[in-house]
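Remarks on the structure that follows.
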Amino acid sequence: MSNKEKAYFIQKKANKTQPSTAEQYDSFKSYLQSKNIWFTTIEDYTDRVEKVAKWLQENKSKSLEQAEKKDILDYLQYLNETLNYAVRSRQQVVGILKHYYTFLYQNGEIANNPILLIKLRGTSQRTINKLLSMEEMNELLDTYYNLKVQHAKQGGTDNLGRFKTGKHYHQRNYLILSLCIYQGLNLSEWKSLTLDDINLQQATIKVQARRKSNARTLPLHAMQIGILYEYLHSTRSQFKNDNELLINSNPEVQKLALEIKKIYPKFTDYKQLRASIITYWIQTEGLRKAQYKAGHRYISSTEEYLWGDLESLKNDINTFHPL
């Protein structure tokens, strides 16, 4: 930055009435909202900024606006050596501070961004088995339905409406599988679903916030509406009666995974399904919408799935241009 530009910022700051800390944070929250960042994430970001400000004041006698690159590096070193923060956690802090200093710079509060060129290295890349395409996941669902659900239906029912084959749990498991694929739910999320979370009229499903994930309301796929209606009005009554949606599902987790592997060898585990749909969301709807749908508190968590695009591209290159 030229001396003329620095002088401009200094004069602009001198002529400006300085906001209080509370006003500054409120303005920062408004800035984050304009970036379509989820409200719980905004609270996390603001909380982290407050912690950095407190550390700088206590250890450097400086405000965030006065901090230099070395001060930020010292804080990151404190997180590493004193609080034992992993590299990924420190990267999240860097990401938050980049947001804050960009906000200050745009408001003319600082002339230089002390964190602009800070980049931590050494994180391990998320590794999972081969991703499935949307077509392959639909094929998996169709295969399970035809070989398990449809087969059980063909066995007929008794006077109480129960499948004679005793395989009514296949309908419940088919629903579980669809939630893993279309909504990207992980095990803890679909296990904790209740009847109140389903809205068939609006064709939505509500996923409650958890310790490491945000709440969100997701659309149901068209095929899920009919399956859910039948499950709620027929199949579910064959299990114990409580407010849990996918009742008695906990003992079936491993059994269902083994069952799917037998009929669809490309399937490896539930994490593969979640990674596949998140990658698909990134490709078709962008990072921010994928972050919301996945329930990620930090955009960095969603960005970890960007490598799926690169892996798919490498596979295409190797397939069509092996030389």
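Laid out as a table, the results:
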| read-out | value |
| --- | --- |
| Segment 94-106 residues that are under 15 Å from residue 69 (Cβ atoms), paired with ones that are modelled with pLDDT under 90 and among the basic types (Lys, Arg) (beta carbon under 8 Å, 6 or more apart) | 94/119 |
| Qualifying residue in segment 68-77 (condition: of a type in the set (S, T, N, Q), over 30 Å from residue 273 (Cα atoms) and assigned to a helix (DSSP H, G or I)) | yes |
| Condition met for residue 58 (in the same structural domain as residue 297 (by TED's automatic domain parsing), part of a helix (DSSP H, G or I) and not hydrophobic (A, V, I, L, M, F, W, C)) | no |
| Tally, over segment 31-54, of residues that are among the aromatic types (Phe, Trp, Tyr) and surrounded by fewer than 16 Cβ atoms within 10 Å (Cβ to Cβ) | 1 |
| Filter result (within 10 Å of the chain's Cα centre (by Cα), part of a helix (DSSP H, G or I) and among the small types (Gly, Ala, Ser)) within segment 276-299 | 290, 294 |
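The values are calculated or read from the model by the stated rules, or taken from the named source; none is laboratory data. Bear in mind that the values here come from a model prediction, so they are computed numbers and not experimental data. Virtual Cβ from ideal backbone geometry, glycine too; neighbours counted across all protein chains shown.
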